[in-house]
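Asks: Got a structure for you, questions after.
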Amino acid sequence: MPVIISAYQSIQASLTEQQVTLIAVSKTKPQEELMELYTLGHRAFGENYVQELVDKEAALPKDIQWHFIGHLQSNKVKYIAPFVYMIHGVDSEKLLQEINKQAIKQNRIIDCLLQIHIATEETKFGFDGPALHEFLLSGRLSSYTNIRIRGLMGMASFSQDQALLSQEFTTLKLYFDKAQQAFPDGLFNTLSMGMSSDYALAISKGSTMVRIGSLLFGARNYPAKN
Ligand SMILES: *Cc1c(COP(=O)(O)O)cnc(C)c1O
């Protein structure tokens, strides 16, 4: 299935106007399809699976900004640490420690978003609100010398219930505003929320970065596992 160029162009135009960053979620999609967007000038791509990301990074242009948006296992951090642009789903201190360790080895600073659990489903990963707050106040963050926490990421419930989604996005935005006070340097400025089905709502609730796959590339052949 080809890339839906017209959808890309209209979504990108409207997001640019709203100063929201578009991550083109290209998991399961062949390299040629990423290149179609690349040729139009797009650079920010999101991937969920480490091996797939490593393969694509090796084959595709070096100025692509690779966002890892899936669930990252500690033992796989080393494979993406040399090049990853931003890791969205950081959901534990154990993972932070490993990212920091690998970033030191690569002599890099890695930008991360802390994943917050907002959905009603049990299966979605992330810190809950109180745990986030405790962590930020603890001072432990300063030991992660090679990580920059750039903001928060969340996934709303898999639901059509607009009131529920709206409430979840609002909750995440409140956590974001509160957490921002712990980062006076201004680098904590990214709120990654919203996907194909709910991005407009997410933006209305304060999202600064949306992760959109199926609206650009068409439906995937197998479902997101995250
Ligand atoms: C797959 C995925 C997306 C994109 O989903 P679409 O519904 O295709 O836009 C966004 N965020 C995460 C974390 C994903 O795993």
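Asks: For Phe158, which of the numbered conditions (1) within 16 Å of the ligand (Cβ to nearest atom); (2) more than 20 Å from Asn100 (Cα to Cα); (3) of a type in the set (Phe, Trp, Tyr); (4) surrounded by 16 or more Cβ atoms within 10 Å (Cβ to Cβ) fails to hold?
Replies: Every listed condition holds for Phe158 apart from (4).
Asks: Quick check, is Glu121 within 16 Å of the ligand (Cβ to nearest atom) and loosely packed, with under 15 Cβ neighbours inside 10 Å?
Replies: Answer is yes for this residue.
So that you can scan it fast, the table gives a plain yes or no per residue for (1) at pLDDT 95 or above; (2) in contact with a Lys or Arg (Cβ under 8 Å, 6 or more places away or on another chain):
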| site | (1), (2) |
| --- | --- |
| Phe176 | yes, no |
| Gly194 | yes, yes |
| Lys205 | yes, yes |
| Ser214 | yes, yes |
| Gly218 | no, no |
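Asks: Out of the helices (runs of 4 or more DSSP H) lying entirely within region 30-113, which hold 2 or more residues that are within 15 Å of the ligand (Cβ to nearest atom)?
Replies: Fully inside region 30-113 and qualifying: 31-39, 50-59.
Asks: Then there's this: Within region 174-205, which residues are under 20 Å from Asp111 (Cβ atoms) and touching a Ser or Thr at 6+ places or on another chain (Cβ under 8 Å)?
Replies: If the condition is that a residue be under 20 Å from Asp111 (Cβ atoms) and touching a Ser or Thr at 6+ places or on another chain (Cβ under 8 Å), then Asn189, Thr190, Leu191, Ser192, Met193, Gly194 are the ones that fit.
Asks: Those residues that are small (Gly, Ala, Ser) and part of a loop (DSSP other than H, G, I, E, B), I need them from region 114-156; list them, please.
Replies: Hits for region 114-156 are Ala119, Gly126, Gly139, Ala156.
Asks: If you don't mind, there's one more thing I want to ask. When the residues of region 183-226 are narrowed to those that are over 26 Å from Glu17 (Cβ atoms) and in contact with a His (Cβ under 9 Å, 6 or more places away or on another chain), which ends up nearest to the ligand (Cβ to nearest atom)?
Replies: Across region 183-226, the extreme among qualifying residues is Asn226.
Asks: Kindly indicate whether Leu40 is buried (at least 19 other Cβ atoms within 10 Å of the Cβ) and of a type outside the set (Gly, Ala, Ser).
Replies: no
Asks: All but one of (1) in contact with a Leu (Cβ under 8 Å, 6 or more places away or on another chain); (2) of a type in the set (Phe, Trp, Tyr); (3) at pLDDT below 95 hold for Phe125, so report the exception by its number.
Replies: Among (1) in contact with a Leu (Cβ under 8 Å, 6 or more places away or on another chain); (2) of a type in the set (Phe, Trp, Tyr); (3) at pLDDT below 95, the lone unmet condition for Phe125 is (1).
The values are calculated or read from the model by the stated rules, or taken from the named source; none is laboratory data. Since the structure is predicted, the reported quantities are computational estimates derived from the model, not experimental observations. For neighbour counting, all protein chains shown are included, and Cβ atoms are generated from backbone atoms with ideal geometry for every residue, glycine included.
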